[in-house]
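The values are calculated or read from the model by the stated rules, or taken from the named source; none is laboratory data. Only a predicted model underlies this, so the values are computations on that prediction, with no experimental measurement involved. Quick reminder, even Gly has a Cβ in these numbers, built from the backbone with ideal geometry, and neighbours come from all protein chains shown.
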Amino acid sequence: MYGAFTDQALLCQAYWDQYDRAVDRLSTIPRSPESDEYRETGYKVGDLDTAWVARFWQVFPRLPRMGFAAWDSLKGYFNGSFTEQELAYIDRTIGFRLITEEMRWVVAELTEALRPEISKRLLSPWRVLNTRIWSLENHDNKDGLLYSNAWHTDGLPDSVFKVMIYPHPIGPAEGTVKLRSKGEVKLLENSAPGTWLLFESSKLLHRGVYPEDQTSQRVSLELTITRSIDFDTCVYVAGNNANYPLYPWIKPANRPVRGLPLDEPPA
Ligand SMILES: [Fe+2]
């Protein structure tokens with residue numbers, strides 16, 4: 001149980017748990033072999049449509065690079081806190097991109113296309129809480145592995161999940177992700193032009209894997225999603241340090257896209 005609710009995080013967790021049970025009660029999506037398999041492994045990998053991957057690569061080079069900032073989060077979201085060493089690591093190795101309006105349209109096509117694939121695994125409709133795009137940079141690992149490249153779980157409520165989109169083949173050469181499922185470490189490999197991965201990021205240990213090929217650039221599009229009473233596949237962008245809303249009834253609002261990389265807190 002949750003004790004005396006003196007800690008806001010625990011109270012929020014209790015609301016998220018109640019929300020998850022309400023979604024279960026209201027959902028009409030039936031169990032299936034796909035949902036049973038997902039429940040057992042905690043992840044599902046699928047191929048992306050080749051035409052969508054081509055559209056992504058048309059727009060990606062036009063996305064401005066952004067520095068990471070702890071304040072980069074909508075109000076009403078939980079944020080990460082970092083040591084100076086971690087912040088320096090993130091700046092050197094994670095090349096965040098500004099998600100422009102043009103890219104939001106591209107991502108919206110994808111969230112629409114993935115609606116059924118994801119809902120039949122989660123056994124409910126779903127909605128987007130946050131969207132981030134980054135590339136892995138400086139492959140030398142001279143500082144060791146930190147942040148999303150070190151083994152971790154995300155610490156999100158049970159009804160919040162990650163969908164990772166890799167718009168290129170994944171494997172040791174191209175860069176990929178490792179996760180621990182059913183007691184075994186899996187290094188995900190897929191030779192298709194693009195890959196989507198739905199996974200229980202707060203139950204399965206996982207970490208990013210740099211490409212062995214120094215000329216490869218592992219690019220990630222990350223959707224933080226939650227099970228939901230209704231579908232809402234709008235592409236919400238809550239910030240690079242926005243984890244999830246404090247309460248499940250907080251509706252993310254899309255921030256206007258600024259034309260320049262963020263380099264200072266908004267006035
Ligand atoms: Fe993670």
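So, in segment 180-209, exactly how many residues are in contact (Cβ under 8 Å) with a residue 24 or more places away in the chain and under 23 Å from A54 (Cα atoms)?
9
Take the conditions assigned to a helix (DSSP H, G or I) and within 16 Å of the ligand (Cβ to nearest atom) and apply them to S119. Does it pass?
Numbers: assigned to a helix (DSSP H, G or I): yes; within 16 Å of the ligand (Cβ to nearest atom): no.
No, not satisfied.
Sort out which residues of segment 71-123 are surrounded by 20 or more Cβ atoms within 10 Å (Cβ to Cβ) and among the basic types (K, R), and write them in order of number.
Answer for segment 71-123, where residues must be surrounded by 20 or more Cβ atoms within 10 Å (Cβ to Cβ) and among the basic types (K, R): R97, R121.
Report whether or not V177 is free of Cβ contacts under 8 Å to residues at least 12 places away in the same chain, over 16 Å from R121 (Cα atoms) and within 16 Å of the ligand (Cβ to nearest atom). Write out each step before concluding.
On the way: free of Cβ contacts under 8 Å to residues at least 12 places away in the same chain: no; over 16 Å from R121 (Cα atoms): yes; within 16 Å of the ligand (Cβ to nearest atom): yes.
When the stated conditions are applied, V177 does not pass them.
Which one is farthest from I170 (Cα to Cα), of the residues in segment 82-99 that are more than 17 Å from the chain's Cα centre (by Cα) and not in a helix (DSSP H, G or I)?
From segment 82-99, those more than 17 Å from the chain's Cα centre (by Cα) are 82-89, 91-93; that's our starting set.
Retained after the next criterion (residues that are not in a helix (DSSP H, G or I)): 82-83.
Details: F82: 29, T83: 30 Å.
That would be T83.
So that you can scan it fast, the table gives a plain yes or no per residue for (1) among the aliphatic types (A, V, I, L, M); (2) touching a strand residue (DSSP E or B) at 6+ places or on another chain (Cβ under 7 Å); (3) surrounded by fewer than 18 Cβ atoms within 10 Å (Cβ to Cβ); (4) at pLDDT 95 or above:
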| residue | (1), (2), (3), (4) |
| --- | --- |
| G144 | no, no, yes, no |
| N149 | no, yes, no, no |
| D158 | no, no, yes, no |
| I165 | yes, yes, no, yes |
| T195 | no, yes, no, yes |
| D213 | no, no, yes, no |
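Look at segment 221-243 and say how many of its residues are among the aliphatic types (A, V, I, L, M) and in a strand (DSSP E or B). Quick ask: steps written out before the conclusion?
So the first thing to find is which residues in segment 221-243 are among the aliphatic types (A, V, I, L, M), and the list is 221, 223, 225, 229, 235, 237-238, 242.
Then drop every residue that is not in a strand (DSSP E or B), which leaves 221, 223, 225.
Number of matching residues: 3.
Look at segment 45-81 and say how many of its residues are part of a helix (DSSP H, G or I) and in contact with a Pro (Cβ under 8 Å, 6 or more places away or on another chain). Don't jump to the end; show me each part of the working.
Step one: list which residues in segment 45-81 are part of a helix (DSSP H, G or I), which gives 50-62.
Keeping just the survivors that are in contact with a Pro (Cβ under 8 Å, 6 or more places away or on another chain) gives 50, 53, 56-57, 60.
Number of matching residues: 5.
Counting only residues that are free of Cβ contacts under 8 Å to residues at least 60 places away in the same chain and not hydrophobic (A, V, I, L, M, F, W, C), which one in segment 90-128 is farthest from V59 (Cα to Cα)?
Going through the qualifying residues, I end up with P116.
Among the numbered criteria (1) more than 29 Å from E84 (Cα to Cα); (2) within 14 Å of the chain's Cα centre (by Cα); (3) among the acidic types (D, E), which one does D154 miss?
Result: D154 passes all but (1).
What number of residues in segment 207-239 are within 16 Å of the ligand (Cβ to nearest atom), under 13 Å from V163 (Cβ atoms) and not hydroxyl-bearing (S, T, Y)?
4
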